[in-house]
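Engineer: I have a structure I would like to understand better, so I am pasting it below and will then ask my questions one at a time.
The values are calculated or read from the model by the stated rules, or taken from the named source; none is laboratory data. From a predicted model like this one, the values you see are computed outputs, not experimental measurements. Every residue, glycine among them, receives a Cβ derived from its backbone with ideal geometry; neighbour counts consider all protein chains shown.
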């Protein structure tokens, strides 16, 4: 059995294939980001999934693409957990950027591939290998244009009284904006980046409001300036996207690309389908 995993900060999509590439089952766990979760939490999330627990000894190969897996230390950390849980499996751990590349760009073709979901990232693919100009420093300092970026912006503007009154009233009705609640989630609870990203739903649902339009436009432009434009070939090759923010703001993203003379490639909400196709071709 082969397991293919696309793990974001919020959730992880798992698909099992047999030795001929036929799909056996699809399941989901919460996100397994090694940067923000302890060994015990990750082990619990694996053990609490019925399909994974039932089939763990049948797995011979595990391809794991995950947020927060860009360093050797994080890869080794996850591999040790997988070795214990899937005792007969050989595990390969790569950062989620590779999942984005394999699901949007054909081998041998050049392109820039971006992640716009709970977090954000951007890489250049020369047809064979991935090249990154920006090293991520996590959601506090990076993640322009992402779900947690927009969530942080909304909360700040609400508390600094920069959000229009009509929108502020609506915002306060939909979310618990008590300061103690927010600080507890940000500084005491796990996955503060995921918590911030939950607020991005509001900006998507109200994207026609002038305030939201402005925030979205500036946030996407900031992503283009700080990430995509790092590459000399930015205006010469297709720029593809994966992630929920890219999916739900595809019209705004398309307009932003046009303003910057960029070539829009593929937009996928989840890269797992493209990943399966990629690995089926290599089995």
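Engineer: If residue 119 passes every condition in (1) modelled with pLDDT of 90 or more; (2) crowded, with 23+ Cβ neighbours inside 10 Å; (3) touching a strand residue (DSSP E or B) at 6+ places or on another chain (Cβ under 9 Å) but one, which one does it miss?
Structural biologist: (3)
Engineer: Within the set of pairs 6+ apart or on separate chains, which have a first residue in region 17-32 that is without any contact (Cβ under 8 Å) to a residue 12 or more places away in the chain, a second that is surrounded by 12 or more Cβ atoms within 10 Å (Cβ to Cβ) and outside any strand (DSSP E or B), and C-beta atoms under 9 Å apart?
Structural biologist: 22/280
Engineer: Looking only at region 178-209, which residues are assigned to a loop (DSSP other than H, G, I, E, B) and over 26 Å from residue 243 (Cα atoms)?
Structural biologist: Of everything in region 178-209, those that are assigned to a loop (DSSP other than H, G, I, E, B) and over 26 Å from residue 243 (Cα atoms) turn out to be 178, 188.
Engineer: Here's something else I'd like to know. Taking the criterion of being in contact (Cβ under 8 Å) with a residue 60 or more places away in the chain and within 25 Å of residue 281 (Cβ to Cβ), would at least one residue in region 34-53 satisfy it?
Structural biologist: No, region 34-53 has no match at all.
Engineer: How many of the residues in region 232-249 are surrounded by fewer than 19 Cβ atoms within 10 Å (Cβ to Cβ) and more than 13 Å from residue 117 (Cβ to Cβ)?
Structural biologist: Counting residues in region 232-249 that are surrounded by fewer than 19 Cβ atoms within 10 Å (Cβ to Cβ) and more than 13 Å from residue 117 (Cβ to Cβ) gives 5.
Engineer: Which condition breaks for residue 225 when tested against (1) farther than 30 Å from residue 25 by Cα; (2) part of a loop (DSSP other than H, G, I, E, B); (3) out of contact with any helix residue (DSSP H, G or I) (no Cβ under 7 Å at 6 or more places or on another chain)?
Structural biologist: (2)
Engineer: If I filter region 210-220 for residues that are exposed (fewer than 13 other Cβ atoms within 10 Å of the Cβ) and not in a helix (DSSP H, G or I), do I get at least one hit?
Structural biologist: no
Engineer: Scanning region 84-103 for residues that are over 13 Å from the mean Cα position of the chain (by Cα) and in a helix (DSSP H, G or I), which turns out nearest to residue 53 (Cα to Cα)?
Structural biologist: Filtering region 84-103 for residues that are over 13 Å from the mean Cα position of the chain (by Cα) and in a helix (DSSP H, G or I), the one nearest to residue 53 (Cα to Cα) comes out as 85.
Engineer: May I ask you to verify whether residue 21 is under 17 Å from the mean Cα position of the chain (by Cα), surrounded by 14 or more Cβ atoms within 10 Å (Cβ to Cβ), on the phi > 0 side of the Ramachandran plot and outside any strand (DSSP E or B)?
Structural biologist: no
Engineer: Is it fair to say residue 89 is in contact (Cβ under 8 Å) with a residue 60 or more places away in the chain and surrounded by 18 or more Cβ atoms within 10 Å (Cβ to Cβ)?
Structural biologist: Yes; evaluated as a whole, the condition is true for this residue.
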